1. Of all the accessible heavy-atom surface of the range 38-115, with the other protein chains kept in place and a 1.4 Å probe, what percent is carbon and sulfur?
2. I want to verify a result. In a Gaussian network model of the chain, Cα cutoff 10 Å, which of these has the top mean-square fluctuation: 42, 65, 55?
3. Take every Cα pair under 8 Å in the chain that's 6+ residues apart, average their separations, divide by the length, and report that relative contact order as a whole percent.
4. For residue 75, which aspartates and glutamates qualify as cross-link partners when the Cα separation must be under 19 Å and same-chain residues fewer than eight apart are set aside?
5. Name the residue from 9, 87, 23 whose Cα lies farthest towards the positive end of the charge dipole of the chain, charges +1 on Cβ of Lys and Arg and -1 on Cβ of Asp and Glu.
6. For the range 35-114, what is the charge dipole size about the Cα centre, in debye to the nearest 20, if Lys and Arg each add +1 at the Cβ and Asp and Glu each add -1 at the Cβ?
7. Can you give me the distance in nm between label points at residue 112 and residue 28, each placed 7 Å from the Cα along the Cα-to-Cβ direction?
8. Roughly what % antiparallel, to the nearest 5, for the DSSP beta bridges in the chain?
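The values are calculated or read from the model by the stated rules, or taken from the named source; none is laboratory data. Model, not experiment: these values are computed from the prediction. Virtual Cβ from ideal backbone geometry, glycine too; neighbours counted across all protein chains shown. Just so you know, the surface numbers come from the protein's heavy atoms only, side chains and all, with ligands and any DNA or RNA stripped out. Shrake-Rupley method; radii C 1.70, N 1.55, O 1.52, S 1.80 Å.
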Amino acid sequence: QVQLVESGGGLVQPEGSLRLSCAASGSIINILRMGWYRQAPGKQRELVAAITNGGTRNYADSVKGRFTISRDIAKLTVFLQMNNLKPEDTAVYYCGVLRGPDMYWGQGTQVTVSS
């Protein structure tokens, strides 16, 4: 089992910034990818950004140039720096970790972008 603890969500005005953190613990061997996903009301969960154990990053087109994923390998923590936030970024953000064939999820953190 992999345990994930997220932090950093909240309410921010348009064009503002937030930084999300996700710390992994437990059975951490063979983690292949760590990433952030989001789910807005009435919509499916979607990939926002991910980073593989080799350091390859990929982003949803809607966040390229605004969001940056990074990690602290020693602390098994992944970060999502979100800049120039837009109202359409409002969603519950989930940390997701792929370990072997299994996907593990955090509890989710709400991000609301509103004036």
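1. For the range 38-115, the apolar C and S fraction of the accessible surface comes to 48 percent.
2. Of 42, 65, 55, the Gaussian network model singles out 42 as fluctuating most.
3. Across the chain, relative contact order equals 36 percent.
4. List returned: 6.
5. Checked the options; the winner is 23.
6. That gives the range 35-114 a dipole magnitude of about 80 debye.
7. Once both label points are built, they end up 3.3 nm from each other.
8. Expressed as a percentage, antiparallel bridges in the chain total about 95.
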